[in-house]
1. Can you work out which of the residues in the range 11-27 that are in contact with a Gly (Cβ under 8 Å, 6 or more places away or on another chain) and charged (D, E, K, R) is nearest to Val88 (Cα to Cα)?
2. Quick check on Pro150: is it modelled with pLDDT under 90 and not assigned by TED's automatic domain parsing to the domain that holds Asp22?
3. State which residue pairs qualify: first residue over 15 Å from Ala254 (Cβ atoms) and inside the range 228-243, second residue in a loop (DSSP other than H, G, I, E, B) in any location, beta carbons under 8 Å apart, and separation of 6 or more residues or different chains.
4. For the condition of a type in the set (Val, Ile, Thr), modelled with pLDDT under 90 and more than 26 Å from the chain's Cα centre (by Cα), what is the one hit in Val74, Val13?
5. Restricting attention to the range 27-60, which residues are modelled with pLDDT of 65 or more and loosely packed, with under 13 Cβ neighbours inside 10 Å?
6. Tell me which residues, restricted to the range 238-255, are part of a helix (DSSP H, G or I) and either within 18 Å of Arg208 (Cβ to Cβ) or of a type in the set (Asp, Glu) (or both).
7. Return only the number of the condition from (1) aliphatic (A, V, I, L, M); (2) surrounded by fewer than 19 Cβ atoms within 10 Å (Cβ to Cβ); (3) out of contact with any His (no Cβ under 9 Å at 6 or more places or on another chain) that Leu200 does not satisfy.
8. Going residue by residue through the range 162-173, is there one that turns out to be farther than 25 Å from Leu82 by Cα and either small (Gly, Ala, Ser) or at pLDDT 90 or above (or both)?
Amino acid sequence: MNHQQQSQRLHKVQLARPDDFDGWRRLARQHLAAGSVPESIIWEFGGGTADLFGEQVAPASPAAASNPQRTGQVPVVPRRFLELARCVACHRTPDRFALLYRVLWRASHGEPGLLDLPSDPDMHRLHRLGKCVARERHKMHAFVRFRQTPEVEPEHFSAWFEPEHHTLRLSSDFFVRRFANMHWSIVTPDESAHWNGQSLQFGPGGHRNKGAAPEAMEQLWKTYFANIFNPARLKLDAMRSEMPVKYWKNLPEAPLIAELVHNAGARSQAMVDSLPSEPPRFASRATAARATRHPTPSESIEHGRKSRISDERSESD
């Protein structure tokens, strides 16, 4: 079988996880070196269904990879593209890995400037998918709420979150840095992350524990949220944009929002009608001190210069 026939043969590529960027990157390099065209590869992950005509591709041999007449050249990929590709790999669209490979194939077969061309349809779609994942990662950073896990020693905290995309691993470093001294677990429907203060491990997904009782710190957080809520600055559209309604079911402060919004008008009017508060005792002394403060030498020079300019203008008039 010649190389052209080899490149056209259908290959089934099995990745370890739905967000297996490192596995995709390694196998994509092998397929590029072997000259596999994008249409010949079926990207699967986890428990993917075997394809009737699919075959696992063998890693490209050094001899084949070094022969540019027989194989495609593996492009030098900018770091910013790798960061974008890592985000895109976490998206739930089924063709994300095929799209990434097609872009690399085009970049190494006659379109060397493709990766820097955001107007290209493939690149435009990659950037759009990457923005979706980056936005979901930001929401995960903002809306994960930990609760103390009962009857667990040492002290342990757990959280339930339902991400729109596969952002758990992508976001885990943030929680490791922020809660480095705390033992915690984040459980999603697809996967779970566990930190014991020293190492981060991942396990299977789970289900939300709806029967968990609210803890004391959660009550304090709700009290704090209600007190910092400013009815005079309420903008519902902006609030829903920053705190989408789909996340409310997992936020302990969510039950307070409806009442706070309902009473916002009355509270704002009460703020307007209320008498101004008395200034602090030291305010009058501070104001008097500023009024009687002697000017500095530089201020005196500047004041004299302005006075001379004013006198000169008066004489000229």
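1. Narrowing the range 11-27 to residues in contact with a Gly (Cβ under 8 Å, 6 or more places away or on another chain): 11-12, 14-18.
Next, only the ones that are charged (D, E, K, R) stay: 12, 17.
On the way: Lys12: 20, Arg17: 14 Å.
In this case the residue turns out to be Arg17.
2. On the way: modelled with pLDDT under 90: yes; not assigned by TED's automatic domain parsing to the domain that holds Asp22: yes.
Considered against the rule, which asks whether it is modelled with pLDDT under 90 and not assigned by TED's automatic domain parsing to the domain that holds Asp22, Pro150 comes out as yes.
3. Going by the 8 Å Cβ cut-off, the qualifying pairs are Pro231/Asn263.
4. On the way: Val13 fails: modelled with pLDDT under 90.
The unique qualifying residue is Val74.
5. Step one: list which residues in the range 27-60 are modelled with pLDDT of 65 or more, which gives 27-46.
Once the filter is applied, which keeps residues that are modelled with pLDDT of 65 or more and loosely packed, with under 13 Cβ neighbours inside 10 Å, the range 27-60 yields Glu39, Gly46.
6. Start the filter on the range 238-255 by keeping residues that are part of a helix (DSSP H, G or I), which leaves 238-242, 245-250, 254-255.
Result: Glu242, Val245, Lys246, Tyr247, Trp248, Lys249, Asn250, Ala254, Pro255.
7. The one condition Leu200 does not meet is (3).
8. Kept after step one, since they are farther than 25 Å from Leu82 by Cα, are these residues of the range 162-173: 162.
Narrowing the set further to residues that are either small (Gly, Ala, Ser) or at pLDDT 90 or above (or both) leaves 162.
Taking every residue of the range 162-173 in turn, at least one turns out to be farther than 25 Å from Leu82 by Cα and either small (Gly, Ala, Ser) or at pLDDT 90 or above (or both).
The values are calculated or read from the model by the stated rules, or taken from the named source; none is laboratory data. Note that the structure is predicted; figures quoted are calculated from it, not measured. All Cβ positions, glycine included, derive from the backbone under ideal geometry; neighbour counts span all protein chains shown.
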